[in-house]
4 protein chains.
Amino acid sequence: MAGVNKVILVGNLGADPEVRNLEGGNKVATLSIATSENYTDRDGNRQTQTEWHRVNLWNGLAGVAEQYLKKGSKVYIEGRLTTRSYEKDGVTRYSTDITARDMVMLDSRQDGQGAPYEAAPPQGATVSETPQAVGASEVSNDDPPF
Amino acid sequence: MAGVNKVILVGNLGADPEVRNLEGGNKVATLSIATSENYTDRDGNRQTQTEWHRVNLWNGLAGVAEQYLKKGSKVYIEGRLTTRSYEKDGVTRYSTDITARDMVMLDSRQDGQGAPYEAAPPQGATVSETPQAVGASEVSNDDPPF
Amino acid sequence: MAGVNKVILVGNLGADPEVRNLEGGNKVATLSIATSENYTDRDGNRQTQTEWHRVNLWNGLAGVAEQYLKKGSKVYIEGRLTTRSYEKDGVTRYSTDITARDMVMLDSRQDGQGAPYEAAPPQGATVSETPQAVGASEVSNDDPPF
Amino acid sequence: MAGVNKVILVGNLGADPEVRNLEGGNKVATLSIATSENYTDRDGNRQTQTEWHRVNLWNGLAGVAEQYLKKGSKVYIEGRLTTRSYEKDGVTRYSTDITARDMVMLDSRQDGQGAPYEAAPPQGATVSETPQAVGASEVSNDDPPF
DNA sequence: TTTT
DNA sequence: TTTT
């Protein structure tokens, strides 16, 4: 029954995050992320192909995105595919998004012009929806690593 | 500019593969794959959430899918997300698919009723769009491992 | 500073799990997993290359491994690389293991000879070290999906 | 038989790449990459845990590493685990490395002091051991995407 | 040491 | 539409 549904992206935000505070007290941030691949076409010319992805982050991750990400930011995202259906103009339509489970910010702090992030975390800070206490890597101690 | 666009799925086919032979000589197989996750809801009841994924396989991979996969087959898929737009009834609509890069068949041969596959490859046979010659794992020899 | 350290395996157990109950109350199961790749060498002969991996599972995952896995079982493992050093005969030696974060069992129930698992979970049951409540896939409700 | 053996890293080089040109004409570059995770220990203190990984890149990838990477560079690596054994002082020892299949450079060009890269590719350029021609994302054309 |  |  169970399976694996995993997406891994490294790309840049095409716009600032859109953040919504929902009635039930949850927060969701939506990112539009471009992943580009370079390749050489059959005529030998270099081409770039870009895909755009809608990524939803919830609560803790949404707060970090709201605070630290902006248009142009580079991020690593791990999540899962979720397709939802909705009615529009009497037609059923589908939208496929990525729900993030982990995010790593990949921009250098020092690359900013000015001081865009007041309380910026260290470059590359990892944020998980479900924070994990990571113990020592020794198998022989009595401490689980997750 | 370049980035990462990766999808990893383990799930079951909801139907037999749909195979099309294109005019240019290419072959494409489309799979409908379900990935299911079990969880306990806030009332303590076990629930299953299923996502459905459209996966396109090309040429070599398509041929293997056509020959060996059927409704119910369990597979591992690695690929990338591709969103295309199309017009329907004068409205632009979007469809997000997965283009497969690698596939591993996860069914045992012996689970079949009868002998569905005349020339079945070993269970779990890996098929790549771009077959790789894998050398010895010794770093010290003069042989690259890919 | 933060980064990504991820391992994904699909392979078979070379032996039954080794389970230890530690003094602090933790349980650890160690799996020896083979991943095999087929390729054609430069002389055109089919070859198989097998890598062996040591995988450690903790507590909840260890219990599931102890109960349901055995020599020959096929599993999907997601985890991270952990290298530890130890002294042996006055020499510092290193061992690189994988610490599992998720496991999916890939064997069919019906492939058993007899009834090896009294209370076997559904085929492909996913077990996580940190169980996740997964909500609906609707973005528009007020329910976070993780 | 076949399986999956995949490693994904995002981390920084602890030293400049070590490059060797082998007798058979192959080139190999070895990277030492740190992946760090932040967590809160049971006393509520923030801790960082760092793992170090040995990554081997061959030929084309090795050339790119040699030319563009240096101590401190941030990279995304995808590859597979390879364990080799060797004799030292009459004892069999094991070493587990990662053989890279893809690399994405994650540093901004503009972060350099001076002009370290004469012919630097765009930031985040992806390099694969086996370059892939990536076609259009339209399923309906006759062009395979890999 | 697995699997086919 | 799958799987258990």
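A few points about this structure:
- Note on region B:76-109: among residues that are more than 8 Å from chain A (Cβ to nearest Cβ) and small (Gly, Ala, Ser), the one that is farthest from DNA strand E (Cβ to nearest atom) is B:Gly90.
- Yes/no for B:Arg42 being without any contact (Cβ under 8 Å) to a residue 12 or more places away in the chain and farther than 30 Å from A:Ser73 by Cα: yes
- Scanning region B:8-47 for residues that are in contact with an Asp or Glu (Cβ under 7 Å, 6 or more places away or on another chain), within 16 Å of DNA strand F (Cβ to nearest atom) and β-branched (Val, Ile, Thr) yields a total of 3.
- Criterion applied to D:Ala29, D:Ala2, D:Ala34, D:Ala65 was being under 29 Å from C:Thr50 (Cα atoms) and at pLDDT below 95, and the one residue passing it is D:Ala2.
- Among (1) in contact with a Gly (Cβ under 9 Å, 6 or more places away or on another chain); (2) more than 9 Å from every other protein chain (Cβ to nearest Cβ); (3) within 15 Å of DNA strand F (Cβ to nearest atom) - the single one B:Leu57 does not satisfy: (3)
- Qualifying residue in region B:76-95 (condition: at pLDDT below 85 and in contact with a helix residue (DSSP H, G or I) (Cβ under 9 Å, 6 or more places away or on another chain)): no
- The strands (runs of 3 or more DSSP E) found wholly in region D:1-75 and carrying at least 1 residues that are within 16 Å of DNA strand E (Cβ to nearest atom) and surrounded by 21 or more Cβ atoms within 10 Å (Cβ to Cβ) occupy D:4-13.
- Which numbered condition D:Tyr86 misses (of (1) within 19 Å of the chain's Cα centre (by Cα); (2) surrounded by fewer than 16 Cβ atoms within 10 Å (Cβ to Cβ)): (1)
- Residue match in region C:105-122 (condition: assigned to a strand (DSSP E or B), at pLDDT 85 or above and surrounded by 17 or more Cβ atoms within 10 Å (Cβ to Cβ)): yes
- For B:Tyr39, the conditions (1) aromatic (Phe, Trp, Tyr); (2) under 12 Å from the mean Cα position of the chain (by Cα); (3) closer than 27 Å to A:Ser85 by Cβ are fulfilled apart from (2).
The values are calculated or read from the model by the stated rules, or taken from the named source; none is laboratory data. On a predicted model such as this, the values are computed, not experimentally measured, just so you know. Cβ: placed from backbone, ideal geometry, glycine included. Neighbour counts: every protein chain shown.
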